[in-house]
1. Return yes or no: is residue 251 touching a helix residue (DSSP H, G or I) at 6+ places or on another chain (Cβ under 6 Å), within 16 Å of the ligand (Cβ to nearest atom), assigned by TED's automatic domain parsing to the domain that holds residue 289 and within 17 Å of residue 138 (Cα to Cα)?
2. Against the condition touching a residue at least 12 places away in the same chain (Cβ under 8 Å), on the phi > 0 side of the Ramachandran plot and touching a strand residue (DSSP E or B) at 6+ places or on another chain (Cβ under 6 Å), how does residue 266 come out, does it pass?
3. Looking only at region 31-83, which residues are without any contact (Cβ under 8 Å) to a residue 40 or more places away in the chain and part of a strand (DSSP E or B)?
4. For residue 259, work out the one condition from (1) in a helix (DSSP H, G or I); (2) surrounded by 14 or more Cβ atoms within 10 Å (Cβ to Cβ) it doesn't fulfil.
5. Just checking, how many residues over region 268-298 are surrounded by fewer than 16 Cβ atoms within 10 Å (Cβ to Cβ) and either at pLDDT below 95 or closer than 27 Å to residue 26 by Cα (or both)?
Ligand SMILES: [Zn+2]
């Protein structure tokens, strides 16, 4: 087996490209490019090419020691043919990543989705190392999740299994980006908390978070954390409510799947410990008594690198 792979994490705001050791999962070199201004299939593709070239130019390892390029992308993908079908946050459609990158670099290319690669990273080198029966949940702008059974990510009949963010937790509830009403993502994601706080501020509620919102800034996970530290009433209430919804979703997953371990990650979990602690406490109290005693919770441990590390190992999991 060749010792190294290139992992690419294609997200809504950035492309992170890294040279990863297949043996240790260590990131030897990484390149980060913002995708905010240059969106569209062509622009995204060129940014990927530039990132890979930058990385190869460093000559950290010989090119013939690189076994594959793995790409984790948000949105709808066709794994078999290596095509990004539709990533609306990047305005990227019908992009045949596999064919184009293989032609350019003569290295085999594999494509997976963003949650899948982050889960592979945590399973092989991170918080789920040694466990083959767990659920990974990432809470940030949205809620992404994957169920791992016997060391394999459950894909389902149409490849969409594990989409916990679209579990309906409120009949006739808030509209979700997927078109349905009352999805968990519309109640427990960072965006959901953001909307809830903004709505209350518009109605005249007072909160210390307003101090951070000058110059048109929008609410971030770190602003939420700072306000919680200051025991801000409104922010604490909104985060508690979100933890209440998220734990209802997690309790449902525990009851149905009965995993050994739940891994929680993503921007909101990393930044706001109050949210993490509250969520695990409430999840335990809401699920059935037997799994409640055995279920273990851990925070994802690879942080921003989980996607690239997992993507670099895609070939092992897709074959
Ligand atoms: Zn939804």
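The values are calculated or read from the model by the stated rules, or taken from the named source; none is laboratory data. What you see is a predicted model; the values in this text were computed from it and never measured. Please note: Cβ atoms are built from the backbone with ideal geometry, for glycine as well, and neighbour counts cover all protein chains shown.
1. no
2. Values: touching a residue at least 12 places away in the same chain (Cβ under 8 Å): yes; on the phi > 0 side of the Ramachandran plot: yes; touching a strand residue (DSSP E or B) at 6+ places or on another chain (Cβ under 6 Å): yes.
Criteria met by residue 266.
3. Matches in region 31-83: 31, 32, 33, 34, 76, 77, 78, 83.
4. Just one mismatch for residue 259, condition (1).
5. Result for region 268-298: 2.
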